[in-house]
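Worksheet for the structure shown next.
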Amino acid sequence: MRATDSPMLSRTLACLAVAVALLAVGISGGSVGVTAQTAEAPDLVGVWNGGFGARPVNGPNQPWTSENFPVLNERAVAFQGIFDEAIAPKYDCVPSASPAIQYDPYNMEVVQWPDRVMFRYEKDDVLRSVWLDGREPPLNEFTVQGFSVGRYEGDALLVETTQFTFDITGFDDYNGIPSSQLKKVTERYWREGDELRLTLTVEDPLFLREPASYTTRWLPAGEGYKLNPYECDAEDARRAVKFMVPKYR
């Protein structure tokens, strides 16, 4: 009798074959047949300075100016009218999200892999993954940062992010404008010499009458620069609320 004629051995070999197949799927990102984009990618790698010297500091009038301020519908105007600063999630260390975090005056690191691009922000210690391998957003999975997919077109990286959770300050925490689960953020990154450029467009049919966009830039952060940990402390963050004049009692 050959060794392979043993029923127990045959079952063992079959189980090993299944395990190897599942491991291969897991390594490839969890989707059978998913492959990384093979188009030549522009070089966006580096640590980029988005703070002082690179662009105007964010605030009530930046990056949303009189020229590009979003056209709000009645629902957004109502939310903005009742907004109380004390309920902003940032006072409980909830991280900033798109489209605000891209303009916050902190440095950002970009790492490019064959199947994804990683954006790591000093602000709030946020790490975003932009998947290039054609995968679909997980069904009914919503997060603060959403789910990002991307592709290269010419000299640019195009990113589309959807599946955000509702956020009372999801548009920008300076303006008291919320964002909904229907928010979609589109980003286009490209290089102009030593600068990293971005045009960002946000759509949200529950709060905006039409898409709104801004364009900004980062400068090189300097050779050898390492991102500093943000390390938000919940007690310290909440302490600021004690000094605010409440809108409601």
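The values are calculated or read from the model by the stated rules, or taken from the named source; none is laboratory data. Fair warning: this is a prediction, and the values are worked out from it, not measured in the lab. Ideal geometry is used to build each Cβ from the backbone, glycine not excepted, and the neighbour counts take in all protein chains shown.
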Quick one: would you say Pro178 is assigned to a loop (DSSP other than H, G, I, E, B) and of a type outside the set (Gly, Ala, Ser)? no
Among the candidates Asp133, Asp155, Asp104, which residue alone is at pLDDT 95 or above and closer than 24 Å to Gly51 by Cα? Asp104
Top-ranked residue of the range 199-236 - restricted to ones that are in contact with a Lys or Arg (Cβ under 7 Å, 6 or more places away or on another chain) and aliphatic (A, V, I, L, M), ranked as farthest from Leu182 (Cα to Cα): Leu227
Please pick out the residue among Gly170, Gly146 that is touching a residue at least 12 places away in the same chain (Cβ under 8 Å) and on the phi > 0 side of the Ramachandran plot. Gly146
When the range 114-143 is examined, which residues are found to be closer than 21 Å to Arg197 by Cα, among the hydrophobic types (A, V, I, L, M, F, W, C) and in contact (Cβ under 8 Å) with a residue 24 or more places away in the chain? Val117, Val126, Val130, Trp131, Leu132
Of the residues in the range 133-172, those that are small (Gly, Ala, Ser) and under 16 Å from Glu203 (Cβ atoms) number 3
Answer residue from the range 59-81, given it is part of a helix (DSSP H, G or I) and without any contact (Cβ under 8 Å) to a residue 60 or more places away in the chain and is nearest to Ala237 (Cα to Cα) among those: Gly81
Number of positions in the range 156-175 that are within 18 Å of Val71 (Cβ to Cβ) and part of a strand (DSSP E or B): 3
Could you grab me the full set of residues in the range 157-169 that are surrounded by 19 or more Cβ atoms within 10 Å (Cβ to Cβ), of a type outside the set (Val, Ile, Thr), closer than 19 Å to Met118 by Cβ and out of contact with any Leu (no Cβ under 9 Å at 6 or more places or on another chain)? Gln163
